[in-house]
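Here is the structure we will look at.
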Amino acid sequence: MDQIEQPEAGQQHLLGTLQVWKHSVPDSRTAVLPPHTRHPNPLVIGDSVVASVFSSGTICSVHKRSGEPQWSYTVDGYAGAQVVHVDGRIYAKSSRTLYCLDAARGTPHWSFSPLQAGRETIYSGPTYHRGRVFIGDRAGMFHSLDALSGKRLWSRKLSTRERNQVNATAAIHDDIVVIGCNAAVIVAYDIQTGREIWQQSIDGPCTSEILAQGGTVFATTSSSIYGLDAATGEIGFHKNWPSLRVRAVVLCRDSWIAALAPEVPPTGGEKMVAFKGTCELFDVKAAEFIVGIRFDEESGLLYESRIGGLGIVDPSTGRRLHNIYRDDDLFNCGLVDLDDGRIYVMDMDGGIYCLRSPAQARPM
């Protein structure tokens, strides 16, 4: 895949015209994973930009203003697609271990490996809430850990069915934590005790992050999006696209947006849809090869990460306002972070960029 036709946009921008600085992470080969969560990678933390680099399997920090390296920590396998920051601590993972690192120095406070055997035992991402960290494993278990010590507070098996791996990332609603698994089940637990509150069956494996908005939690399968009552698990709505796959879902204040793509080649049927509750707001043609979308609350804009470029989209209409790309090769990037008029993004080759944002309008 050498060339991808760039999608239509209000303005086209070459990456180099917006670049403030670039840092190349050493020994990177495939730095970015499809996110499957809402968390940006890299993440701005104070004066630092912290990235989880899939391969070479490192968590690293660079200075926000210059891109100069600050620290790097090597994990025990491939690194995950996100980092979570709370009170000076970073929660990040490899394919087998969850780490708690000091955000300023990169030194470890603790680590948690749920299984002693197996090359890849964690695909789930960490969720933090009020002194606890929640994460699933590929043996079908869901764990609640003390965030300061890493001590296991409780663990539960979501399902006894086959293929019950917990690869999803949890959501929090009031005093319950909601998680899904590959056995097509969504389960809610009491945060303090681990007592099961409700369980709901869906039409396929749930491997993405559960999202919470108001009293609704959103669960995604390969071609469906469910809205479940967060207190009871009752299905409030179910949107299904039989010939399309759900590539990404994001919450935008009181609406939600999904990027959809054909299940099998050829491409050309991609679209972006938006709903407020069960009311459709728009259904428009989308770009090819979207891997993630992220809504930025401050600017009110949607940032579209693709194989081939980065789009800035008006979430009220689905119209692409700006497109950022390279003309010499593909710009494959993960979910962006934004801070003080700058865009921070990492590409597949391990380049961490600080870009000037071309987006000035605030459509929402």
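Lysine pairs in the chain whose alpha-carbon atoms fall under 21 angstrom of each other, counting only those eight or more residues apart or on distinct chains, come to 8.
Taking every alpha-carbon pair in the range 213-305 and binning the separations at 10 Å intervals from zero gives 16, 49, 29, 5, 0 percent. Highest-first packing order for the peptide set 75-81, 117-123 is 75-81, 117-123, based on the mean count of other beta carbon atoms within 10 Å.
Given +1 at the Cβ of Lys and Arg, -1 at the Cβ of Asp and Glu and no other charges, the dipole of the range 249-296 around its Cα centre is 120 debye to the nearest 20.
Projected label points at Arg119 and Leu281, each 7 Å from Cα along the beta carbon direction, are separated by 4.3 nanometres. Once a ≥ b ≥ c are taken as the square roots of the eigenvalues of the Cα gyration tensor of the range 29-112, is the result rounded (a/c under 1.5), prolate (a/b larger than b/c) or oblate (a/b not larger than b/c)? Rounded. Recomputing P(r) over Cα pairs in 20 Å bins from 0, in percent from the coordinates shown identifies the correct label among [x] 29, 51, 18, 1; [y] 25, 50, 22, 4, 0; [z] 30, 61, 9 as [z].
Annotation: per residue accessible area for the chain equals 42 Å², rounded to a whole number [probe 1.4 Å, protein chains only].
For the range 240-364, the relative contact order works out to 16 percent when only alpha carbon pairs closer than 8 Å and six or more residues apart are counted.
Taking the accessible area of the chain, probe 1.4 Å, and keeping the other protein chains in place, the carbon and sulfur fraction comes to 46%. When only Cα pairs below 8 angstrom with a gap of at least 6 residues are kept, the chain shows a relative contact order of 17 percent. Each Cα pair under 8 Å and six or more residues apart adds its separation to the average, and for the range 158-264 the resulting relative contact order is 17 percent. From helices alone, the chain scores 0 deg cm²/dmol at 222 nm; the rule is -39500 (n - 2.57) for each run of n ≥ 4 DSSP H residues, then divide by the residue total.
The values are calculated or read from the model by the stated rules, or taken from the named source; none is laboratory data. Treat the numbers as computed from the prediction; the structure is a model and nothing was measured. A quick note on method: Cβ atoms are made from the backbone with ideal geometry, for glycine too, and the neighbour counts reach across all protein chains shown. Areas reflect the complete protein model, heavy atoms only, side chains present, ligands, DNA and RNA absent. Shrake-Rupley method; radii C 1.70, N 1.55, O 1.52, S 1.80 Å.
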